[in-house]
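FYI, it's all coordinate maths here, none of it is from the lab. Only a predicted model underlies this, so the values are computations on that prediction, with no experimental measurement involved. Quick reminder, even Gly has a Cβ in these numbers, built from the backbone with ideal geometry, and neighbours come from all protein chains shown.
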Amino acid sequence: MAEIDIRAARKSYGKNPTLHGIDLNFQSGEFVVILGPSGCGKSTLLRMIAGLEDITSGEIAIDGRVVNRLEPRERGCAMVFQNYALYPHMTVAGNMGYALKVAGVPKPERERRIAETAKIVGLSDYLERKPAALSGGQRQRVAMARAIIREPKVFLFDEPLSNLDAKLRVTMRAEIRKLHQRLSATSVFVTHDQVEAMTLADKLVVMNKGHVEQVGHPLDVYHRPASTFVASFIGAPAMNLFESRVEVETASAYLGGAPVRLPSSLAASLRGKDVTIGIRPEHTIVATKGPGVAAEVDFIEELGAGRVVHMLVEGEPFAATIGEDLNVAPGDRVSLDLPLEHLHVFNRETGRRIDPSDLPADAPAQHCAPLLTTP
Amino acid sequence: MIQRTPYADAFTYFVMILGFILLIGPFLVIIAGATQTLQQINSVPFRFMPQGQFLENASAAWARADLARAIGNSFVMAGLITVGKVVLSAMTAFAIVYFRSPLRHFFFWAVFITLMLPLEVRVVPTYNVAADMFEPFRLLIAFVTGIEVSVEWNLLNSYAGLTLPLIATATGTFLYRQFFMTLPDELAEAARMDGSGPVRFFFEMLLPLSRTNMLALTTIMFVYGWNQYLWPLLMVTDPTYKTTMMSLSALVPSENATPDWNVTLAGTLIIMTPPLLVVALLQRWFVRGLVATEK
Ligand SMILES: Nc1ncnc2c1ncn2[C@@H]1O[C@H](COP(=O)(O)OP(=O)(O)OP(=O)(O)O)[C@@H](O)[C@H]1O
Ligand SMILES: [Mg+2]
């Protein structure tokens with residue numbers, strides 16, 4: 001159990017800045033998932049917490065103690081590596097017990113704890129094997145056991161599941177979650193798989209190019225993405241984004257020549273502004289005819305449960321999920337309805353989300369009333 | 001691609017057998033000669049059939065060249081060189097691969113360059129230092145302070161003199177370095193997370209993992225140490241420190257004496273047996289350590 005405080009942490013390799021000032025706070029016992037595309041600095045941040053990488057500037061504190069200058073072993077963190085990094089010449093038991101041996105734990109107690117931990121991860125029958133004689137999933141368990149046995153304050157996971165096949169990944173995901181409930185140590189889990197992130201996290205941190213884009217509960221991040229990057233990164237298929245200017249007369253944005261009505265609270269203050277508007281495929285309503293945004297079906301993806309229809313609106317791709325009942329084929333012309341309660345509006349220059357609550361309070365009524373009356 | 005045709009096959013075998021004869025021929029001569037009597041070995045043509053005289057010849061050679069002492073000395077020398085090289089090169093490679101010091105590349109290249117400076121090239125200065133260990137310091141002190149200090153210490157006629165100057169090895173360092181570089185970084189990081197310091201990591205991870213390397217190196221270096229000739233010749237004047245390679249010359253019959261080459265060959269056979277045994281015993285690891293890296 002430990003709280004982790006990261007204050008203005010920066011990292012540069014030589015002259016190349018990799019992390020540009022990270023401020024994060026992880027509560028004690030929280031399961032934090034750091035999500036981001038490849039190369040955004042997730043591993044670097046994790047390794048800075050672990051002590052495997054120097055902190056160029058800023059501070060990291062674990063349990064209120066600044067650890068910048070502490071050796072990894074003094075920080076009380078255990079880490080699970082992507083390629084497991086098991087000691088190839090030691091048996092499973094040897095791998096699990098190594099940290100205890102280094103710490104000088106007497107042999108009888110060591111053996112007791114090895115047996116206990118092996119039972120937790122289901123490795124009791126494999127204690128005498130070498131890692132080379134284990135399957136990928138079993139190696140993964142050994143790596144987990146090696147971390148658990150130390151009873152650390154903090155667990156660090158660097159994409160621990162990415163070398164497993166899809167089915168095993170789901171199982172291990174559930175096991176990690178269960179394990180966390182049982183041990184309730186603060187856990188930081190790095191991944192670029194959004195399903196892992198959504199299912200595991202108490203707190204989701206989305207990173208991009210060395211910045212933190214958004215921190216929050218996974219559902220919050222999903223429903224209220226803070227930027228166009230988060231909006232398009234989280235959710236599959238990705239959120240549709242289009243650029244538009246909010247028209248003064250109708251308080252609507254335009255897509256494919258058709259007006260898209262915005263929530264009145266937003267529209268009023270955004271008149272004449274350039275925005276990016278987003279809507280998730282599952283919220284887009286497709287109809288074969290009727291008013292709405294005109295689109296042409298490009299191709300259809302069958303997912304088993306439901307279908308994704310990929311369309312073109314003025315040459316730009318646009319996706320929607322549809323049920324079994326709607327019959328469309330490539331080349332068909334369809335019409336899209338974009339319900340205003342599901343629209344996400346972003347500032348086009350900064351890419352940040354615009355919410356009614358962010359807007360200046362005086363914005364609505366006075367300005368729009370006269371405008372509306374002009375013919 | 002390599003084509004397999006009867007002609008190509010026949011040619012390959014021909015080359016292979018020719019090479020084999022070239023390699024094994026001298027051995028056959030030694031084995032046959034060492035077992036013949038004085039008359040048999042001096043008869044023309046030379047007969048390649050081994051006879052029954054080996055034990056007599058061997059004991060004559062043993063006594064003539066004082067082989068007991070020489071073999072003892074050679075074992076000490078080859079053994080010390082082997083152990084020294086295996087240990088020192090493991091530690092050097094460890095430092096070069098795992099420590100991020102700004103001088104790392106400098107040291108790496110310094111070691112690398114010594115590949116081009118085998119003992120034969122630097123034999124005069126090396127002898128100078130071994131014959132007068134404090135010479136460099138004395139010169140330095142004299143240069144800085146102008147004071148002549150007279151301290152004398154040399155390594156002549158000692159096991160230290162026979163082995164120390166030969167122990168630094170670039171080959172061994174490279175072998176270890178290549179092996180250490182194939183180990184994933186995460187191994188060192190996992191050990192660090194588990195609380196292991198560098199010394200522990202070296203002894204509990206790197207050494208057990210590089211066992212095949214170590215055995216391969218042992219084989220090469222033992223043969224190297226055993227076969228040293230020039231250096232012992234320079235360092236040793238006292239017959240108590242004679243090595244086998246030096247006693248070989250004592251076995252050769254002198255111009256006017258009886259041409260008992262059978263005794264010479266028997267002595268030769270004795271002298272080359274230990275390295276042969278070492279290679280035969282360790283060859284399995286020798287090949288594995290040089291060719292493949294165990295995962
Ligand atoms: N030792 C290093 N020297 C120089 N640059 C590095 C080093 N390690 C990482 N980087 C750079 O830092 C950036 C972040 O790397 P990092 O490993 O943290 O990415 P990541 O988010 O974990 O990506 P992935 O999902 O692919 O693992 C990358 O652009 C990488 O090129
Ligand atoms: Mg990574």
Beyond 37 Å, what share of the Cα-Cα pairs of chain B is found? Please give it as a whole percent.
35
How large is the translational diffusion coefficient of chain A in µm² per second when you combine the Kirkwood radius over alpha carbon pairs with Stokes-Einstein at 20 °C and 1.002 mPa s?
91
Each residue of the stretch A:293-310 in turn: what ³J(HN,Hα) in whole Hz from Karplus with 6.51, -1.76, 1.60 and θ = phi - 60°, glycine and Pro shown as x?
6, 7, 9, 10, 6, 9, 7, 10, 9, 8, 10, x, 8, x, 9, 10, 9, 9
With only Lys, Arg, Asp and Glu charged, each at its Cβ (+1 for the first two, -1 for the last two), find how big the charge dipole of the protein assembly as shown is about the Cα centre; round to the nearest 20 debye.
1620
For B:THR35, distant residues with modelled amide H under 5 Å away:
B:GLN51
Could you give the dipole magnitude of the stretch B:85-241 about its Cα centre, charging the beta-carbon of Lys and Arg +1 and that of Asp and Glu -1, in debye to the nearest 20?
340
Positive-pole candidate from B:PRO232, A:MET239, A:VAL293, dipole of the protein assembly as shown, charges at beta carbon:
B:PRO232
With r defined as the distance between the Cβ atoms of A:LYS130 and B:ARG288 and R0 fixed at 25 Å, what FRET efficiency is calculated, to the nearest 0.05?
0.90
Approximate shape of the protein assembly as shown as ellipsoid semi-axes (Cα gyration tensor, √5λ), whole Å, largest first:
77, 31, 25
Applying the gyration tensor rule to the Cα atoms of the stretch B:1-154 (axes a ≥ b ≥ c; rounded if a/c under 1.5, else prolate if a/b exceeds b/c, else oblate), the class is oblate
Rounded to whole Å, give me the distance from the Cα center of the stretch B:84-104 to that of the stretch A:230-252.
58
Name the helices (complete DSSP H segments) of chain A with a Cα length along the long axis of 24 Å or more and a Kyte-Doolittle mean of at least 1.0, or state none.
none
Most mobile listed residue (A:GLY21, A:GLY137, A:GLY64) in chain A, GNM with C-alpha springs under 10 Å
A:GLY64
Step through the table entries A:LYS203/A:LYS273; A:LYS15/A:LYS42; A:LYS101/A:LYS153; A:LYS209/A:LYS273, compare each Cα-Cα distance with 30 Å, and write down the pairs that go over it.
A:LYS203/A:LYS273
Towards the positive end of the charge dipole of the protein assembly as shown, with charges on Cβ (+1 Lys, Arg; -1 Asp, Glu), say which of B:PHE222, A:GLY136, A:LEU179 has the farthest Cα.
B:PHE222
Dipole magnitude of the stretch A:291-333, debye to nearest 20 (Cβ charges: Lys/Arg +1, Asp/Glu -1, about Cα centre)
60
Where does the longest stretch of chain A lie that holds no GluC sites (Glu not before Pro) found in a DSSP loop with 11 or fewer other Cβ atoms within 10 Å?
A:1-127
Whole-Å distance linking the alpha carbon centroid of the stretch A:41-98 with that of the stretch B:4-28 is 58
What stretch of chain B, leaving out the sites themselves, is the longest with no chymotrypsin sites (Phe, Trp or Tyr not before Pro) in a DSSP loop having at most 15 other Cβ atoms within 10 Å?
B:154-228
Built amide H within the under 5 Å cut-off of A:VAL67, gap 5+:
A:ILE60, A:ALA61, A:ILE62
Can you find, among A:VAL206, A:ILE149, A:HIS342, the residue sitting farthest towards the positive end of the charge dipole of the protein assembly as shown, where Lys and Arg contribute +1 and Asp and Glu -1 at Cβ?
A:ILE149
Would you mind checking which residues have amide H under 5 Å from B:SER196's amide H? H placed 1.01 Å from N; only 5 or more apart, or other chain.
none
Name the residue, out of A:GLN214, A:GLN140, A:GLN181, whose mean-square fluctuation peaks in a Gaussian network model built on chain A with Cα pairs under 10 Å.
A:GLN181
